[in-house]
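A short write-up of the structure that comes next.
Just so it is clear, none of the values below were taken in a lab; they were calculated from the coordinates. No experiment lies behind these values; they were computed from the predicted model shown. In this analysis, Cβ positions are derived from the backbone assuming ideal geometry, glycine residues included, and neighbour counts consider all displayed protein chains.
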């Protein structure tokens, strides 16, 4: 199908403060990516690593998502892997990028999620405003889910640690 890029990319960004260190958040988001990604993004119904070993720069993966009732399959590659700071992956065959950035703020960490869709297919152009709204809502839901999961995971870890 004809695929002309939109006049400007669709970019959604959302931030949240998480009561956890950047290193602990990165362990959950980066190192535990394949176990945890479907938890904070429940639209992901299948996720598979196409690379051997732990998550690292260059790791390839395949996902199947169901967004707004629409099933999509895509391959992506980890293109930034900076423990405690930043994780990013970009579509291999589709024009998207997801970025998770961490900023230490003393006792909390600012977690920022950015989703970029660099082009909208021609047949979807009449729905561009709606697409922007849905993608922004998805970014906000992503950071809320991450905050809830990370902080509850931290509390569970604390309560399971024996006291001395």
> With each pseudo-label sitting 7 Å past Cα toward Cβ, what's the residue 57-residue 104 distance in nm, one decimal?
Replying inline: 2.1
>> Taking a cut-off of 23 Å, what percent of all Cα-Cα pairs in region 10-157 are separated by more than that?
In response: 34
> Which order do peptides 38-49, 61-72 fall in by mean Cβ count within 10 Å, highest first?
Replying inline: 38-49, 61-72
> When every alpha-carbon pair in region 20-68 is counted, what percent end up more than 16 Å apart?
Replying inline: 44
>> Run the numbers for residue 11 and residue 70: contour at 0.36 nm per residue of separation, minus the present Cα-Cα distance, in nm.
In response: 19.2 nm
>> What does the C-alpha gyration tensor say about the overall shape of region 56-95? Classify as rounded when a/c is under 1.5, otherwise prolate if a/b is larger than b/c, or oblate.
In response: prolate
> Points 7 angstrom from Cα along the Cβ direction at residue 136 and residue 45: gap in nanometres?
Replying inline: 2.9
> Going highest first, how would you order 50-59, 16-25 by mean Cβ packing within 10 Å?
Replying inline: 16-25, 50-59
